[in-house]
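Taking it in order: structure first as structure tokens, then the write-up.
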Amino acid sequence: MKKLEVLFTEEQIAQRVREIAQDINDYIGNDEAVIIANLKGAIPFYADVFRCLTGKVRMDFIETQSYVNNASSGHVKITRDLSENVEGKKIVIIEDILDTGLTFEHILKHIKHFHNPKELKICVLLNKEENREVVIKADWIGFEIPNHYVVGYGLDDEQYLRNLPYIGYWV
Ligand code: 5GP
């Protein structure tokens, strides 16, 4: 029978969230910034980081569709666009996981082309470097992970298990 092995505990995640939020605070400084989550998987990470931010920040969301039945379809579609005006502003995009990088590549092109921010930074909770198909470097990475399909803390298994407070993988 399948068993869920814990990869990162709630405490490990909370500790890393505080460290990353501190780095983002240092980056924002006295400027204004828009913090963007890629829905839906980034939401728990986004909410935890956002609560640790101390500067002048606004929230916004983008939604993409890229995976069909736990496999990369290779096609990425923006299903919800930003609603805030980010032109000339610092933005930080928060994502749950960088895998092939195809989703992020599409988001970056879209935001640069249609929204013209002053600066764009990337923050991901998990990085699966092994699977990368395009060149994308995140500015802040929570944890490097091997090539497992991970679930919990926003990451789904066919839309379930996003509510787990920890991150695990099936063994
Ligand atoms: P990429 O386009 O970089 O291959 O994939 C990015 C998206 O695929 C993530 O936002 C996430 O929704 C999904 N994804 C990639 N790897 C995993 C994984 O290990 N677990 C889950 N639940 N989703 C993943």
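The values are calculated or read from the model by the stated rules, or taken from the named source; none is laboratory data. All values reported here derive from a predicted model rather than from experimental measurement. Neighbour counts are summed over all protein chains in view; Cβ atoms, including those assigned to glycine, are modelled from backbone coordinates with ideal geometry. When the accessible area is computed, the model is the full protein with side chains, heavy atoms only, and any ligands, DNA or RNA have been set aside. Shrake-Rupley method; radii C 1.70, N 1.55, O 1.52, S 1.80 Å.
Hand me the tally of lysine pairs in segment 1-88: alpha carbons under 29 angstrom apart, and the pair either on different chains or 8 or more positions apart.
4
As an exercise, identify the trypsin sites (Lys or Arg not before Pro) in segment 1-91 lying in DSSP coil whose Cβ has no more than 13 other Cβ atoms within 10 Å.
Counting only loop positions with at most 13 other Cβ atoms within 10 Å, the trypsin sites (Lys or Arg not before Pro) in segment 1-91 are K2, K3.
Taking 0.36 nm per residue of sequence separation and subtracting the Cα-Cα distance, how much length would be gained by fully extending the chain between K137 and W170, in nm to one decimal?
So the extension gain works out to 9.1 nm.
Would you please name the GluC sites (Glu not before Pro) within segment 1-101 that are DSSP coil residues with at most 15 other C-beta atoms within 10 Å of their C-beta?
In loop regions of segment 1-101 (DSSP not H, G, I, E or B), the sparsely surrounded GluC sites (Glu not before Pro) are E84, E87.
In a shell of Cβ-Cβ distance under 10 Å around A37, excluding A37 itself, what net charge do Lys and Arg (+1) and Asp and Glu (-1) give?
-3
Simple spin-label model, 7 Å along Cα-to-Cβ: K77 to L53 in nm?
Taking the two extended label points, one gets 2.9 nm.
Where does each of H115, H106 land when they are ordered by accessible area, with a 1.4 Å probe and the largest first?
H106, H115
Among DSSP beta bridges whose residues both lie in the chain, state the antiparallel percentage, nearest 5.
35
Can you give me the accessible area per residue for the chain, using a 1.4 Å probe, in Å²?
52
Which whole-angstrom value gives the distance between the alpha carbon centres of segment 2-20 and segment 73-130?
23
Tell me the carbon and sulfur percent of the accessible area for the chain, rounded to whole percent, probe radius 1.4 Å.
Of all accessible area on the chain, carbon and sulfur atoms account for 50 percent.
Run lengths n ≥ 4 of DSSP H only: what is the helix-derived mean residue ellipticity at 222 nm for the chain, with -39500 (n - 2.57) per run over all residues, to the nearest 500?
One gets -8000 deg cm²/dmol as the mean residue ellipticity at 222 nm.
For segment 116-171, give the share of DSSP beta bridges that are antiparallel, in percent and rounded to the nearest 5; count only bridges with both residues there.
50
Of the candidates G29, G101, G41, which one comes out as most mobile in a Gaussian network treatment of the chain with C-alpha springs shorter than 10 Å?
G29
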